[in-house]
Amino acid sequence: MALLSRRTDLPFERDDSSRYLPWLTAFMVFLASLTLAGVFAISDLAGTWDKGLSETLTVQLPAGEDERTDERRAAAAIKILEATEGVEEVALLPPRQVRELLKPWLGAAADAGQLPLPQIIDVEIDRDGIPALATLTEQLRRAVPGAAVDDHGAWMSGFLRALRSAEAIAVLIFLLVGVATVGTIVFTTRAGLGVHREVIEVMHLIGAHDRYIAAQFAVRSMMLGLRGAAMGIIAAAMVLIAFGVLVEFQGFGVLPGIDLSLGAWIAVVLLLPATGLLAWLTARITVLRSLARMV
Amino acid sequence: MDEIVRFQTVGLRYGMGPEVLQDLSFTLTPGSFHFLTGESGAGKSSLMRLMYLAKKPTRGSVSLFGRDIASLRHDDYPTLRRRIGVVFQEFRLLPHQTAFDNVALPLRVSGMREKEIKKHVEELLTWVGLEENMAAWPETLSGGQQQRVAIARAVIAQPKLLLADEPTGNVDDRIAARLLHLFEELNRLGTTVVIATHNKSLISSSLHPIMHLEGGRLSIEDRESEPAATVETLPRSGRL
Ligand SMILES: Nc1ncnc2c1ncn2[C@@H]1O[C@H](COP(=O)(O)OP(=O)(O)OP(=O)(O)O)[C@@H](O)[C@H]1O
Ligand SMILES: [Mg+2]
């Protein structure tokens, strides 16, 4: 690119005002990388849980006086469930499995087969959920007094909502970091305009277009921005890798999908050209706007 | 276009100060050559600034190349300024650039290719006697050498209007005469020239008309011959 190889007319090497720009940019990009990784991690996590849990429903039927009552009740409930819109599959858990489930609470008594056990029906529902959950519960209660519908989605949706707002906050932080970066570049560029005022005036008087002068500031800013972004991304990558290793060792495995997806890494690396472009564009616009006010 | 510069009842003041130029009305025709005189502080540099578009008049109207500068849009300035070569009183060389790069600047901003630029700049710097100093930084050059770099930068793009503010302030009479010769060569090629100077012997060595500033007002003294004729009477000195 001829633009990059061209020696500049402005004495940027002697310009202290931009000395800290790469470091500030590095810090911003570091923050942005971590936030972006966070957004991806949260989003992946929310997606996994959303899919894994919100698509099931458990119906619990109280134990009847005898087996025949149980069978009748189960049949009635299943019939209602199968006729309900949004239900995909209905499966009555065999008593042995129910006993397993209750063992922690009932202890050996559950094994003995002496206690009347409730019946549990696993219901798979489709992605959009059941449109009339309240009606379904109502119907089941009428058919089987004491029937209970346990909607995982209900408490899950609270958890998911929390995840989604965490995601929104992370996106907001990401955008704020972007705004702060733009602000820093504007500030540095303005300072540079002040430092080089005399040279700019001579260039103007010689017939240089604002574009010619702005291009030099923009390329300079882009180079500083790229340098900073590279540092920031490398630092962030080290932190993310270290964090991943730590999570694995400590066995925080309860949080599925904490290790970053390929997409997240690509997004973080894309911050490099994005920062370069942002620095180039911001400096260019800043210079053009300032020079438009000069004679 | 029958006039390069046209002033009509132009006044100029700096900030809230007094008018340093009052009711200036004159025209400069293509190919004319004027000296501009006046005591220190009379307003010579101020008048130059109006002509090279560094200042706008506080009243009256200024036209350059047939265009009223009050009607210029921001984007029109570079085009007009490229037709004007300026030797600033304080040179205003870019300190971080070599003599070569300083002289190359007007060609670079107008987008000429480096290969051509090199040819032109080397030729001109050799012509003004600075072939040994092309890679020198301005601060390492003598006053007279810097002045010649400034002059080379002003003329490299073959301006239609050349404005030189005290271009012989830092050189002895012998070099001053050579520089005058350079300006006259350019004038013969069609450039309109205005030279602000205190240098009496420079003025008296030729018969170009004199614009004189006094008390903020301008008078023009025509001396007998046409500028074109005076050039022929000059002694031919070698290259500068
Ligand atoms: N930037 C400025 N701000 C305020 N006043 C100025 C400015 N430049 C010049 N002046 C005033 O305008 C008047 C004319 O100054 P100018 O520099 O045009 O004079 P000059 O004829 O070029 O003088 P010299 O021969 O010393 O170069 C002076 O009174 C000066 O104080
Ligand atoms: Mg002056």
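The condition (being closer than 27 Å to residue B:199 by Cα, in contact with an Asp or Glu (Cβ under 9 Å, 6 or more places away or on another chain) and either among the small types (Gly, Ala, Ser) or within 10 Å of ligand 1 (Cβ to nearest atom) (or both)) is satisfied by just one residue among B:45, B:25, B:32, B:61: B:45. Filtering segment A:171-217 to residues that are among the basic types (Lys, Arg), within 14 Å of chain B (Cβ to nearest Cβ) and farther than 19 Å from residue B:96 by Cα leaves only A:211.
Hey, among the residues in segment B:139-150 that are more than 14 Å from every other protein chain (Cβ to nearest Cβ) and not polar (S, T, N, Q), which one's farthest from ligand 1 (Cβ to nearest atom)? Among those that are more than 14 Å from every other protein chain (Cβ to nearest Cβ) and not polar (S, T, N, Q), it is B:141.
Is one or more of the residues making up segment B:17-33 more than 16 Å from ligand 2 (Cβ to nearest atom), more than 15 Å from residue B:213 (Cβ to Cβ) and within 14 Å of chain A (Cβ to nearest Cβ)? No; the residues of segment B:17-33 include none that is more than 16 Å from ligand 2 (Cβ to nearest atom), more than 15 Å from residue B:213 (Cβ to Cβ) and within 14 Å of chain A (Cβ to nearest Cβ).
All conditions but one from (1) at pLDDT below 95; (2) more than 14 Å from every other protein chain (Cβ to nearest Cβ) apply to residue B:114; the one that does not is (2). Select from segment B:47-66 the residues that are under 19 Å from residue B:35 (Cα atoms) and more than 10 Å from every other protein chain (Cβ to nearest Cβ) and list them in ascending order. Of everything in segment B:47-66, those that are under 19 Å from residue B:35 (Cα atoms) and more than 10 Å from every other protein chain (Cβ to nearest Cβ) turn out to be B:47, B:48, B:50, B:51, B:64. The set of residues in segment B:98-111 being facing another protein chain (nearest Cβ under 9 Å) and not in a loop (DSSP other than H, G, I, E, B) consists of B:101, B:105, B:106, B:108, B:109.
Taken together, the criteria place residue B:197 among residues that are touching a residue at least 60 places away in the same chain (Cβ under 8 Å), among the polar types (S, T, N, Q), within 16 Å of ligand 1 (Cβ to nearest atom) and buried (at least 19 other Cβ atoms within 10 Å of the Cβ). Residues that are at pLDDT below 85 and hydrophobic (A, V, I, L, M, F, W, C) within segment A:84-107 comprise A:87, A:98, A:101, A:102, A:105, A:106, listed in sequence order.
Just checking, does segment A:190-202 include any residue being touching a strand residue (DSSP E or B) at 6+ places or on another chain (Cβ under 9 Å) and open to solvent by less than 30 Å² (accessible area, probe 1.4 Å)? Yes, there is a match, as at least one residue in segment A:190-202 is touching a strand residue (DSSP E or B) at 6+ places or on another chain (Cβ under 9 Å) and open to solvent by less than 30 Å² (accessible area, probe 1.4 Å).
The listed residues are B:192, B:168, and the only one of them that is within 16 Å of ligand 2 (Cβ to nearest atom), surrounded by 18 or more Cβ atoms within 10 Å (Cβ to Cβ) and farther than 23 Å from residue A:203 by Cβ turns out to be B:168.
Could you check how many residues of segment B:171-186 are under 15 Å from the mean Cα position of the chain (by Cα) and open to solvent by 10 Å² or more (accessible area, probe 1.4 Å)?
3
A single entry from A:267, A:242, A:237, A:292 fulfils the requirement of being loosely packed, with under 15 Cβ neighbours inside 10 Å, within 22 Å of residue A:27 (Cα to Cα) and modelled with pLDDT under 95: A:242. For residue B:176, the criteria (1) more than 13 Å from chain A (Cβ to nearest Cβ); (2) farther than 19 Å from residue B:194 by Cβ hold in every case but one, which is (2).
Residues that are among the polar types (S, T, N, Q) and surrounded by fewer than 20 Cβ atoms within 10 Å (Cβ to Cβ) within segment B:99-132 comprise B:110, B:126, listed in sequence order. Report whether or not residue A:185 is crowded, with 20+ Cβ neighbours inside 10 Å and within 20 Å of residue B:108 (Cβ to Cβ). So residue A:185 does not fit the description; no.
When A:220, A:211 are screened for being open to solvent by 60 Å² or more (accessible area, probe 1.4 Å) and touching a Lys or Arg at 6+ places or on another chain (Cβ under 9 Å), only A:211 passes.
The values are calculated or read from the model by the stated rules, or taken from the named source; none is laboratory data. Treat the numbers as computed from the prediction; the structure is a model and nothing was measured. Cβ atoms come from the backbone with ideal geometry, glycine included; neighbour counts cover every protein chain shown. Accessible surface is based on the protein model in full, side chains and every heavy atom, while ligands, DNA and RNA are left aside. Shrake-Rupley method; radii C 1.70, N 1.55, O 1.52, S 1.80 Å.
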